[in-house]
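Below: one structure, written as structure tokens.
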Amino acid sequence: MTRTLAPLALAGLGLLAACGAEPKAEPADAEGGADGGDTAPVEFYADVAPVLLDHCVRCHQPGGQGPGDFTDPAVVGAMAEIMLAQVDAGVMPPPVADPDCRDYIGSEYLSIPDAKRDQIAAWIDGGKVVGAPPDQPLGSPIASELADPDLALLIPAPYTPSFSDAANPGNEYRCFALEHGQADDFFITALHPLVDQAEILHHAVLFTIPTEELTPEHQSPEGVDCINNMDSTDGMVAAWAPGALPIEFEGAGMRVRSNQTLILQLHYYQGADQPLADRSGYALRIAPSVEREIIMAPFAKYGFNIPPGDAAYSATERIEWTSSFPTVKVWGSFPHMHRLGTGYRLWVDHPDGSSECLLSGEDRYDFHNQITYMFRDPAVVQPGDTVSFECTWDNSAENPNQTFDPPQNIRYGERTDEEMCYAFTLVSLGGL
Ligand code: HEC
């Protein structure tokens, strides 16, 4: 995500504060508009507000992660040109996997279709007419909570990030143990984070570790700094970024063993002016048994070497699904790289020569917006198939996420200035 436009937009907001929140009515271009005058005018409440509610407001509202309240016509009026520029640059809403490769739950909200982008443009061209507010306030279509959770597990106490790590200004990764309190093995059948301070919570990753590896720091109210050991590759359960919908497995679930502890990694970033105490957590639905057990298959590429200066270096892992492998149903996947990551592709080549796309995010990977994509139509992988996963990185000096000056050879490693290439993929045994 770029920050270059921030001062401009904030100046816009400041201006509004200075002259009162009067919606601007300057239809200067309206008459000369290229579209002529015989179409109904595009109005804020009728045409633009629903678009913003579907695609922007979950982050752009008071207490949300992004600046400004996009339900307020005055704010939107002041920011509209910048909003359009951010949409056209592919920066907003934050990029996600391409639903045309394979559709996933929530895709209709996580990326904005061209026709809806054009509504915003037409509203600007038409002079930003506000129109009559609706009788009922419009609600957000995004489920921000998991319905009927069995467990609502919060970190031990409110935690105030200090952002004191000089190597990672404005960012802090903190890991906390979540006590599930179950004596026996159980299955997670649905999950979604409980977000307390949305302004500072950038993403949340849930994983398991053997309870014998638990440290007192994990259980302390301060948690443990975990920016460089975030990748618990065996125990990943799910990754969440703002906007992602609750994950629900129909008749299936992920096993948590009685000797495993859930760890919640919270990525805080300095999105608020003053220090905020956060007590986030995870809501789970659980069951003692399920029809199908879902397991995490970490498709990974290890032996890569990203040359310095290369702005689009790709590495691909190919896994031949031999007859010793079981047939699996693929429910979803979570692509994961570090800061230099820019794109990924996960696909299956079938023995008949056809190729099936599972995830595609060329130029759409954002380290700060990591999501588990749950497929609307799960795929089947069986012996004879080949599964491929490709990662692309930008190791040029121009990449704003570049750590090294000059750029260095980058290999696999756990530190954020090393790289990874994972598709943490949720599978169950057996076909459809
Ligand atoms: C998942 C959360 C999220 C969604 C959804 C989202 N934004 Fe943002 N937006 C942010 C964050 C966070 C920032 C601040 C980025 C930064 O400072 O790097 C931001 C910044 C912006 C900015 C720049 C504001 C400034 O002061 O520079 C604009 C404009 C913007 N968003 C427009 C939009 C529009 C339009 C949509 C919907 C089409 C949208 N955003 C959807 C999180 C989101």
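The values are calculated or read from the model by the stated rules, or taken from the named source; none is laboratory data. Because the structure is a prediction, the values reported are computed rather than measured. In this analysis, Cβ positions are derived from the backbone assuming ideal geometry, glycine residues included, and neighbour counts consider all displayed protein chains.
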Scan region 303-337 residue by residue and report those that are assigned to a strand (DSSP E or B) and either outside the structural domain of Glu390 (by TED's automatic domain parsing) or of a type in the set (S, T, N, Q) (or both). Asn305, Ser314, Thr316, Ser333
From the option list Asp98, Asp125, single residue qualifying as within 20 Å of His368 (Cβ to Cβ) and out of contact with any Pro (no Cβ under 9 Å at 6 or more places or on another chain) is Asp98
Taking region 56-81 on its own, how many of its residues are surrounded by 18 or more Cβ atoms within 10 Å (Cβ to Cβ), touching a residue at least 60 places away in the same chain (Cβ under 8 Å) and near the ligand (Cβ under 7 Å from one of its atoms)? 4
Applying the selection to region 403-432, what residues are surrounded by fewer than 19 Cβ atoms within 10 Å (Cβ to Cβ), of a type outside the set (Gly, Ala, Ser) and either in contact with a Gly (Cβ under 6 Å, 6 or more places away or on another chain) or assigned to a loop (DSSP other than H, G, I, E, B) (or both)? Thr403, Phe404, Asp405, Pro406, Gln408, Asn409, Glu414, Arg415, Asp417, Glu418, Leu432
Considering Pro210, Pro216, Pro158, which residue is surrounded by fewer than 21 Cβ atoms within 10 Å (Cβ to Cβ), under 30 Å from Glu250 (Cβ atoms) and modelled with pLDDT of 90 or more? Pro210
Flag for Pro378 being at pLDDT below 95 and either part of a strand (DSSP E or B) or touching a helix residue (DSSP H, G or I) at 6+ places or on another chain (Cβ under 7 Å) (or both): yes
In region 259-283, residue farthest from Phe176 (Cα to Cα) [restricted to those that are in contact with a Pro (Cβ under 7 Å, 6 or more places away or on another chain) and not in a strand (DSSP E or B)]: Asn259
Give the residue that is nearest to the ligand (Cβ to nearest atom), with candidates limited to residues of region 356-375 that are in a strand (DSSP E or B) and surrounded by 18 or more Cβ atoms within 10 Å (Cβ to Cβ). Tyr373
Hits in region 385-402 (condition: more than 18 Å from Ser314 (Cα to Cα) and surrounded by fewer than 15 Cβ atoms within 10 Å (Cβ to Cβ)): Pro400
Return yes or no: is Pro141 within 16 Å of the ligand (Cβ to nearest atom), within 30 Å of Ile227 (Cα to Cα) and either of a type in the set (D, E, K, R) or not assigned by TED's automatic domain parsing to the domain that holds Tyr373 (or both)? no
Mind telling me which of the residues Ile120, Ile188, Ile124, Ile112 ends up being assigned to a strand (DSSP E or B), touching a residue at least 40 places away in the same chain (Cβ under 8 Å), over 22 Å from Ala272 (Cβ atoms) and not aromatic (Phe, Trp, Tyr)? Ile188
Have a look at Ala122, Ala115, Ala183 and point out the one that is within 16 Å of the ligand (Cβ to nearest atom), exposed (fewer than 12 other Cβ atoms within 10 Å of the Cβ) and among the small types (Gly, Ala, Ser). Ala115
Filter pass, Gly243 being under 16 Å from the mean Cα position of the chain (by Cα), among the small types (Gly, Ala, Ser) and part of a strand (DSSP E or B): no
Any hit, region 128-149, residues being in contact with a Pro (Cβ under 7 Å, 6 or more places away or on another chain), of a type outside the set (A, V, I, L, M, F, W, C), in a loop (DSSP other than H, G, I, E, B) and at pLDDT 95 or above: no
If you go through region 241-265 one residue at a time, how many are within 16 Å of the ligand (Cβ to nearest atom) and modelled with pLDDT of 90 or more? 1
